[in-house]
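This report refers to the structure that appears directly beneath it.
Read-outs: derived from the displayed coordinates by stated rules, not from any lab. What you see is a predicted model, and the numbers here were worked out from it, not measured in a lab. Ideal geometry is used to build each Cβ from the backbone, glycine not excepted, and the neighbour counts take in all protein chains shown.
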Amino acid sequence: MIIELILIYITYLIILILGSYYVNLYLSKDQFTKEELKNIFPFLAQFWNRILSNFSIFLVAIILFISSLLGILIIMLSEHWFLNSAIVFIIVFLTFPLVKKNFAKVMVTTGAGFSDTVINIFSKYYNFMLLGFGTGTGAGLMYNWGVYKTVPFLWFLINFTVISILCGIVIYNVYNQ
């Protein structure tokens, strides 16, 4: 079960990142060359370089792991339709930017307190928290639908589409940060 979930999670995250390239390409141009459609590696290199230059890889990995685990656990808790949906992720997706904006007002950059450190980490890494939570939610939803058949296909498809679109927006925000 755990290995299957990890494989689903990694595959889903890779597909989201690769899909974001094509969405960005579609939004930026009207016509595409064959080379632009085939050559995704410059985008991936630039995406990786932006993450490396702006963020701590260690913190990104920890934040992605914890938030992904939380997203998977919430989906796996119950067979109830509410927990097996995108509703919790939508609430988190809409709430985190507001919390970041409120934290930015009270943020202390030189404070040595624990709460100041948590606020600074949240303000800088909240997109990775959203990405991990969304990807974990999507992977858990796929697993629940595919293995346990806890939700009907149409419910799965609607919620999975919403989660994927919102995760794509988060990846776009990370790329343009």
Springs between alpha-carbon pairs under 10 angstrom, Gaussian network model over the chain: which of Val118, Val162, Val60 fluctuates most?
Val118
Order these peptides, 37-46, 131-140, 5-14, by their mean beta-carbon neighbour count within 10 angstrom, highest first.
131-140, 5-14, 37-46
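Please report the relative contact order for the chain, taking Cα pairs under 8 Å with a sequence separation of at least 6, and give it as a percent rounded to a whole number.
On the way: 157 pairs, mean separation 61.1, N = 177.
In percent, rounded to a whole number, it is 34.
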For the range 77-177: rounded, prolate or oblate by the Cα gyration tensor [a/c cutoff 1.5]:
prolate
Under the Karplus curve 6.51 cos²θ - 1.76 cosθ + 1.60, θ = phi - 60°, whole-Hz ³J(HN,Hα) for the range 153-166, x wherever Gly or Pro sits
4, 4, 4, 4, 4, 4, 5, 5, 5, 4, 4, 5, 5, 5
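Which value, in debye to the nearest 20, gives the size of the charge dipole of the chain about its Cα centre, when Lys and Arg are +1 and Asp and Glu are -1 at the Cβ? Write down the numbers at each step before the final one.
On the way: 9 positive and 6 negative charges, 62 e Å.
Here the size comes out at about 300 debye.
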Roughly how many nanometres apart are two label points built 7 Å out from the Cα toward the Cβ at Lys105 and Tyr22?
4.3
State the answer as a single residue: which of Asn39, Leu77, Trp145 lies farthest towards the positive end of the charge dipole of the range 2-175, with beta carbon charges of +1 for Lys and Arg and -1 for Asp and Glu, about the Cα centre.
Asn39
